[in-house]
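Undergrad: The structure follows.
Read-outs throughout are calculated quantities, based only on the coordinates presented, and are distinct from any laboratory measurement. Since the structure is predicted, the reported quantities are computational estimates derived from the model, not experimental observations. Using ideal geometry, Cβ is built from the backbone for each residue, glycine included, and neighbour counts are taken over all protein chains shown.
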2 protein chains.
Amino acid sequence: MAGTGRPTVRDVARHAGVSVATVSRVTHDDPVVTGGTRDRVLASMQALGYTPSVLGSGLAYQRHHTLGVVLPGLGGPYFAALIQGAESVAAEAGVAVNVLGTHLRHDAVQAVHQLALRTDGLIVQGGTVPDDLLGAIAEKLPVVLVAGEHPDLVTVRTDGRAAARGLTAHLVEAHGHRRLRFVGATHGSPDTTARYAGFRDALAAAGLAEHGEPVRHGLEARYGAMAARQLHAEGDLPDALVCANDELAFGVLATLPGLGVAIPRDVAIVGFDDLDLAALASPTLTTVHQPVHDLGSTAAELVLAATRRSREPFAPLPPDDRVLPTRPVLRESCGCST
Amino acid sequence: MAGTGRPTVRDVARHAGVSVATVSRVTHDDPVVTGGTRDRVLASMQALGYTPSVLGSGLAYQRHHTLGVVLPGLGGPYFAALIQGAESVAAEAGVAVNVLGTHLRHDAVQAVHQLALRTDGLIVQGGTVPDDLLGAIAEKLPVVLVAGEHPDLVTVRTDGRAAARGLTAHLVEAHGHRRLRFVGATHGSPDTTARYAGFRDALAAAGLAEHGEPVRHGLEARYGAMAARQLHAEGDLPDALVCANDELAFGVLATLPGLGVAIPRDVAIVGFDDLDLAALASPTLTTVHQPVHDLGSTAAELVLAATRRSREPFAPLPPDDRVLPTRPVLRESCGCST
DNA sequence: GTGAAAGCGCTAACAA
DNA sequence: TTGTTAGCGCTTTCAC
């Protein structure tokens, strides 16, 4: 009876000789239930192999127990680390993580809307969602923006501009490079845009001009390879390449040497993020360490905190801007400690 | 009234002057509703900004409208492609995709169980979940195993052994290499295990012995770098390195040249998967093209098909073994067309 | 401390 | 063709 499916609260209640309310209380560790009753119910749960239905409690609580994460893509160690950070916090709270990669979908806006309907809160990577849509969604459920800026939202980021300024200055001052070029598509990536701005800041401060426009193919490893081939074909290699992230730098690193260009002898290279591979490639990669995992976990904490107290109609989160620290990591690819 | 929250079927029904059943029918494009009624209801939906609650319909349907994907990790382009494949099919069906990376979690088994409770079906990458647990879960909901083998389950995979045999034979026969070594951690990865077996097949057929044990650091780019450094340190470089996947090969490619080892002059290298970067790195990477995206989409189709007809108690899927074709891609890193 | 009962939003017989 | 009604599984007042 009661179907052949999984046992429900009712089954447990009957088996334990209590009411469904009591079963529910035990599930939630409600301290009012007596030790004896409690044990009896727990035993019945064991005996029947009962697990609360996510569907049932979801409806009653009006909560999906799911966190949405919106990223441009899913590939790449950067996003993996971000997701892990978010997931570690979410798992703790019994919340699942639902990831959406927008750059791969023509119907990204639609998809974000869909996601918003099935989650209790959203973590959004800067540049993936138009600002107005973001604002609209933030009125409906808690949203935290990662690696982006927005006056009315909660944001978690690093100061990429300052970091890029510092790293670029290092290339100029410590290694005497004067012809520097930026690699990375700035469009649609606030993070990259900030880094490029910092790059330009440093050049301006040193009285230098960019050695050519940024090479804007994309932000993944393969685009680094593409950039390397393009630069090589142009035959006008700069002294140093400032890559928007480590992935791009690896793409360059897996290509230029094969084309007969030695690093850092012929060209110096720096990246951003300090991915694991950075310390292992040869030459080891000079970069800026970013707390990517923390970015994700912090964002998740903020969203979940808002989620939990979401009882009434829902009030948007008060704006906040958390800036996490970065740290330059000087290795071989810039010419240091060769 | 009716709370300040989102409008419900009841609100729409009242507004349109029909019953909730009719509203539900319109939502599901039930052809029985008259054009007039239909239009009136649609208008009311528009007016009120109604969207069906995932929670409500979920409970009624007893369906989560979510597909689970279990992978070892989330980084890496291989998994990104797999997820995209699955997601493209899922999105079509209005189903969300929930990804779980097991290698990063100490409580992987627990996590898989949790996931099973919130999804309608699971796609599992071979090697991520113990066989017995897999069997147990498959009795509860549709499960498709990707890149793995299992007698009682639906599996979608490629014939990695044959592919590896062919590629290895190429190194031996076309390029005359005799001292070959395998790079990649076979433990816990059926895919890698199969490729290693194929590698050995080819060597045996040629009457050759492996030039040393496999270098088993892992399966990601950084472990390729690690392997490269180890091999270089050992000072006994083989003629050719057969990497378990392209990621590892890239790690090697971003490291060996920097250590003064030219590819393919000093060492030939081949990978598996044919990631985008393979055609762009220098030297371009010889590899085996795998339909990773199709692996994901096929798996998703199979799971969803089973999901849809899951009406009664649920019968496990009948075992099936789909083998998708692969294709060797000969490029520069093996010594071809240099 | 425990139980009865009224929902949460939607679907699906069954009636009309 | 449309409406009525009884759930789906769980939570949560409000009585007892």
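Undergrad: How about segment A:74-94: which of its residues are in contact with a Lys or Arg (Cβ under 9 Å, 6 or more places away or on another chain) and more than 9 Å from every other protein chain (Cβ to nearest Cβ)?
TA: Selection gives A:Ala93 alone.
Undergrad: Turning to a different aspect of this structure: Checking A:Ala47 against (1) within 14 Å of DNA strand D (Cβ to nearest atom); (2) among the hydrophobic types (A, V, I, L, M, F, W, C); (3) more than 21 Å from B:Thr66 (Cα to Cα), which single condition isn't satisfied?
TA: Single failed check for A:Ala47: (1).
Undergrad: So which pairs qualify, if the first residue must be in segment A:152-171 and within 26 Å of A:Leu317 (Cα to Cα), the second must be acidic (Asp, Glu) and assigned to a loop (DSSP other than H, G, I, E, B), the Cβ gap must be under 8 Å, and the two must be at least 6 apart or on different chains?
TA: Once the first residue is within 26 Å of A:Leu317 (Cα to Cα) and sits in segment A:152-171, its partners that are acidic (Asp, Glu) and assigned to a loop (DSSP other than H, G, I, E, B) give A:Thr155/A:Glu149; A:Arg157/A:Glu149.
Undergrad: What number of residues within segment B:12-57 are under 19 Å from A:His113 (Cα atoms), in contact (Cβ under 8 Å) with a residue 12 or more places away in the chain and away from DNA strand C (no atom under 11 Å from the Cβ)?
TA: Qualifying residue count, segment B:12-57: 2.
Undergrad: Do we find a residue being within 14 Å of chain A (Cβ to nearest Cβ) and buried (at least 16 other Cβ atoms within 10 Å of the Cβ) anywhere in segment B:159-178?
TA: Within segment B:159-178 (the criterion being within 14 Å of chain A (Cβ to nearest Cβ) and buried (at least 16 other Cβ atoms within 10 Å of the Cβ)), the answer is no, since none of the residues qualifies.
Undergrad: Here is a further query. Mind checking which residues of segment B:11-36 are surrounded by fewer than 16 Cβ atoms within 10 Å (Cβ to Cβ) and either within 9 Å of DNA strand D (Cβ to nearest atom) or within 14 Å of chain A (Cβ to nearest Cβ) (or both)?
TA: The initial filter retains those residues of segment B:11-36 that are surrounded by fewer than 16 Cβ atoms within 10 Å (Cβ to Cβ), namely B:17, B:19-21, B:28-32, B:34-36.
B:Gly17, B:Ser19, B:Val20, B:Ala21, B:Asp30, B:Pro31, B:Val32, B:Thr34, B:Gly35, B:Gly36 - these are the residues of segment B:11-36 that are surrounded by fewer than 16 Cβ atoms within 10 Å (Cβ to Cβ) and either within 9 Å of DNA strand D (Cβ to nearest atom) or within 14 Å of chain A (Cβ to nearest Cβ) (or both).
Undergrad: When both residues are 6+ apart or on different chains and their Cβ atoms are under 8 Å apart, which pairs have a first residue that lies in segment B:116-132 and is within 21 Å of A:Ala96 (Cβ to Cβ), and a second that is among the β-branched types (Val, Ile, Thr) and assigned to a loop (DSSP other than H, G, I, E, B)?
TA: Cβ pairs passing all conditions: B:Leu117/A:Thr51; B:Asp120/B:Val95; B:Thr128/B:Thr102; B:Val129/B:Thr102.
Undergrad: Condition test on B:Val89, is it in contact (Cβ under 8 Å) with a residue 24 or more places away in the chain, surrounded by fewer than 22 Cβ atoms within 10 Å (Cβ to Cβ), under 21 Å from A:His103 (Cα atoms) and aliphatic (A, V, I, L, M)? If you could, list the steps in order and put the result at the bottom.
TA: Values: in contact (Cβ under 8 Å) with a residue 24 or more places away in the chain: yes; surrounded by fewer than 22 Cβ atoms within 10 Å (Cβ to Cβ): yes; under 21 Å from A:His103 (Cα atoms): yes; aliphatic (A, V, I, L, M): yes.
Criteria met by B:Val89.
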